[in-house]
Amino acid sequence: MSDSVKDDRDEELLLLGALLDDSPNEVYLFDEDDLRFQFVNARALDNLGLTFEQTRAMTPLDLKPLFDARGLREVLAPLLDGIEERVVFRTLHRRADGSTYPVEVVVRLAPRGGRRVFIATVTDISERTKTEREHKVGEARFRALIERSLDLILLADAAGRFTFASPSVTTLLGYSPEEILRFDPLEIIHPDDQPAAGAALGATLGGEEQARLEFRVRHKDGSWRAISAIAHNLLDHPAVGAIVMNARDVTEERRLAEQLRQSQKLEAVGRLAGGIAHDFNNILTAILSSAAFLEECTANDSHARDFASALWYVFEPSVSSCGEAIQAEQKQIDAARTKLADPESEVALLDAERLYIPVTFALGADKTNDGKSYPEYDRLFSGGVKDDKLVISLINGLIDHEPGAELYQDSGYGEWLDTLSEVFDARPGWQVVDVEGGADISSYELQSGKQVSLSFEQIIALNDGTTPSGISSSERSELEAMVAKRVADTWITFELPVTVQLGDEAKRDFGIQIMAYFGHAESTVPFKHAVKNSDVFIYNGHSMIGSGPLDPRNFSASDFPASYQILFIDGCVSYNYYEADYIPLKEGGTENLDLITNGIESPAWRSGFALGRFIATLLDGESASYLELLESAEATGSGLRVVDGELDNTYNPDKQPLAIESR
């Protein structure tokens, strides 16, 4: 704290300062009647960006945007009436620059100079709130996945007794979850399968991390159903403490697989008798339609079955049965190769028609993998589609598409707000500068007639669980639905004023904009608008492979600006689909276009945090390499994101360092 502030204090305030300025918490004393601050400690002043003299004319209402005078008096009433010795609540504090941060407030009433004053101890809970928010979102999504999963999920204790069964048990086996918990695990298993199933379960209980088992289970109607299951020993996991079993009904698959094996035998006989006719274009079709491949080289769960016509999407060569099939096929191919007259010019038929052995490609250049390639920061921060501005477009599509569900309940909405929250937290000062069509996204009237005003930060806080003052639980759900409906399918533009300095150039004023869109993303309209009008394009949603609006065949050269761009498509597996075909459409090709795509399936969960950290890292002024940018976006757990078009980039942070400061 400056000496001038301390000089302004009277002797009592100097004593308070000596006692409280070193406190790790913010401390405020304010008058019982007019609520004006009498003392604010150094920790609070530093966090708020205010001087002590400025606070003397202020009250808590100047710092708490979620409260009005009536609401604050209601919170303090138990102290004034002598009902409570202290009150505790959470809210937001607003800094001098307009940014907000979450706080936990403890208020007491104490005598001072013949009067009473309120003493508020305030803790900045930004990190705690972020952790709680991530945990809450993760827990809610995990619960939704469990409840809606078509697979059966069972938990068993250390004695092997079932303690939980997911609702899907009724669809699969006819029993209610309560009924299945009353059975001994082996009681409803076919007698012929009980020894193997019991041994597998016993091995898991004995300490093995994982066991695969297949057995027949008696349906409630008396029929036998073939079940494939994986049991994981998570007894020592503090958050689980159980054996976790994922099981699914494979009765129909086993029947079809047997039919296919019989037909393949007959087909092989006919082919040998009639001579060999081979069409290379049919190889992929054979692979994709192979029930044996689905069974042996995928997780063989409901997710894998959903992609039975595109098995490359869920191919898992690490599965033990797949490894055995690969080894067997390799031996057959090696034997066939020894019979070739000229191995340099001939290919064995078994080699050409191989089903299991994958072809391996190295995705990503050494330069990028070594952290030596960079976005063209000098071009991004010189102005591209707009003079003196960097424009980032962010599109989040609907993810769940649940019939009858509100928009705010769609996980895509939460991911969209998570991205913006991460960016806003990393560099405060963003303001809404434009809403498409002039829509009002800040004022809402509930059915009760209550008027609610929300900043966009409060919209994010609402989604994270913060209830505005004076709003009931049912009204909160009503408000969330109204907000999501108001902002959906609408472009909202945020801007952060900064100064930028590149190398030896003079510092100059600059603006960073985010054009954000959440909602229905089935047409090309929002995508073409974003690509044409942004320097960095980011999409988070379904890949919609082969039919989606982002299909490069829907675009022409006129849909792209002439300036340098980065396109980041975070949609499940997007490498094979998007990697190559945009480049010929862009003027200058890779000189003006960098692409980031996913080489393997990237889960939607936590993708909002991941993309928020990607954007925040891009804007932090540290000139992160592409390797560092991809690492910043690893919250989703995606292990293979690929950058293309970056190898001809020329930016070097050592020769032209970048400095970005808020203003």
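The values are calculated or read from the model by the stated rules, or taken from the named source; none is laboratory data. Everything numeric in this text was worked out from a predicted model, so none of it was measured. Here Cβ is always computed from backbone atoms with ideal geometry, including for glycine, and neighbour counts include all displayed protein chains. Ligands, DNA and RNA are stripped out before the accessible areas are found, and what is left, the full protein with its side chains, is counted by its heavy atoms. Shrake-Rupley method; radii C 1.70, N 1.55, O 1.52, S 1.80 Å.
Points worth noting:
- Within region 51-94, tally of residues that are open to solvent by 50 Å² or more (accessible area, probe 1.4 Å) and either touching a Gly at 6+ places or on another chain (Cβ under 6 Å) or among the small types (G, A, S) (or both): 3
- Note on region 167-183: residues that are out of contact with any strand residue (DSSP E or B) (no Cβ under 9 Å at 6 or more places or on another chain) and at pLDDT below 85 total 1.
- In region 432-466, residue farthest from Y517 (Cα to Cα) [restricted to those that are touching a residue at least 24 places away in the same chain (Cβ under 8 Å) and among the polar types (S, T, N, Q)]: S448
- Given (1) assigned to a strand (DSSP E or B); (2) open to solvent by less than 70 Å² (accessible area, probe 1.4 Å), index of the condition E179 fails: (1)
- Within region 365-389, residues that are buried (at least 21 other Cβ atoms within 10 Å of the Cβ) reach partners that are small (G, A, S) and part of a loop (DSSP other than H, G, I, E, B) with beta carbons closer than 6 Å, at six or more positions or on different chains, in the pairs Y374/S625; Y377/S623; G384/S563.
- Residue in region 509-525 that is closer than 30 Å to S448 by Cβ, assigned to a helix (DSSP H, G or I), without any contact (Cβ under 8 Å) to a residue 40 or more places away in the chain and open to solvent by 40 Å² or more (accessible area, probe 1.4 Å) present: no
- Where strands (runs of 3 or more DSSP E) sit wholly within region 405-502, those with at least 3 residues that are open to solvent by less than 50 Å² (accessible area, probe 1.4 Å) and more than 21 Å from H520 (Cβ to Cβ) occupy 492-502.
- Among residues of region 160-171 that are under 21 Å from G241 (Cβ atoms), those with a beta-carbon under 9 Å from a residue that is surrounded by 15 or more Cβ atoms within 10 Å (Cβ to Cβ) and acidic (D, E) at least six positions away or on a different chain give the pairs S166/D151.
- Y313 being modelled with pLDDT of 90 or more and surrounded by 17 or more Cβ atoms within 10 Å (Cβ to Cβ): no
A quick yes/no check of all residues on (1) closer than 28 Å to K507 by Cα; (2) modelled with pLDDT under 85; (3) assigned to a strand (DSSP E or B):
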{"residue": "N576", "(1), (2), (3)": "no, yes, no"}
{"residue": "S602", "(1), (2), (3)": "no, yes, no"}
{"residue": "F609", "(1), (2), (3)": "no, no, no"}
{"residue": "T617", "(1), (2), (3)": "yes, no, no"}
{"residue": "A624", "(1), (2), (3)": "yes, no, no"}
{"residue": "S638", "(1), (2), (3)": "no, yes, no"}
{"residue": "L647", "(1), (2), (3)": "no, no, no"}
{"residue": "T650", "(1), (2), (3)": "yes, no, no"}
{"residue": "K655", "(1), (2), (3)": "yes, no, no"}
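- Scanning region 95-115 for residues that are touching a residue at least 40 places away in the same chain (Cβ under 8 Å), in a strand (DSSP E or B) and either open to solvent by 90 Å² or more (accessible area, probe 1.4 Å) or in contact with a Cys (Cβ under 9 Å, 6 or more places away or on another chain) (or both) yields a single hit, R115.
- Against the conditions (1) open to solvent by 60 Å² or more (accessible area, probe 1.4 Å); (2) more than 20 Å from S321 (Cβ to Cβ); (3) not in a helix (DSSP H, G or I), R216 satisfies every one except (2).
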